[in-house]
Amino acid sequence: MATYEYDCPRCGRFETHQPIGTASDSHDCPGCSRPARRVLSAPHLTTVPRQFAAALEREERSGAEPEVVTEVPPGRPRPAPHPVLSRLPRP
């Protein structure tokens, strides 16, 4: 379902939820039942997953206040080489 916005000359703006592509150019106002014209507005894309929002905020903050690294972080131990690699010719 998509959200469509209409503007009633008497009551003001209101929203309707209709299947995508089925909205007409006018819709009856729920308050006064007069025809209201459709208004093109920006889509509601403000809802993002919490982890994604946190990553975006951290990325924006790093432009002005970068995190300073004072030491090399501890590395993971290297995995043992595959046994087949020991049989390869050495230069």
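The values are calculated or read from the model by the stated rules, or taken from the named source; none is laboratory data. Predicted model only: the values in this text are computed from it and were never measured. Positions of Cβ are generated from backbone atoms using ideal geometry, with glycine treated the same way; all protein chains shown enter the neighbour counts. The area values use the complete protein model at the heavy-atom level, side chains included, leaving out ligands, DNA and RNA. Shrake-Rupley method; radii C 1.70, N 1.55, O 1.52, S 1.80 Å.
What to note about this one:
- Within segment 43-62, the residues that satisfy the criterion of being open to solvent by 100 Å² or more (accessible area, probe 1.4 Å) and modelled with pLDDT of 85 or more are Arg50, Gln51, Phe52, Glu57, Arg58, Glu59, Glu60, Arg61.
- Of the set (1) at pLDDT 90 or above; (2) of a type outside the set (A, V, I, L, M); (3) in contact with a Ser or Thr (Cβ under 8 Å, 6 or more places away or on another chain), all apply to Ser26 but (3).
- Any hit, segment 19-39, residues being of a type in the set (A, V, I, L, M), farther than 30 Å from Asp7 by Cβ and open to solvent by less than 90 Å² (accessible area, probe 1.4 Å): no
- The condition of being more than 28 Å from the chain's Cα centre (by Cα) and among the charged types (D, E, K, R) holds for only one of Asp7, Asp25, that being Asp25.
- Answer residue from segment 63-91, given it is modelled with pLDDT under 85 and of a type in the set (Lys, Arg) and is least open to solvent (accessible area, probe 1.4 Å) among those: Arg90
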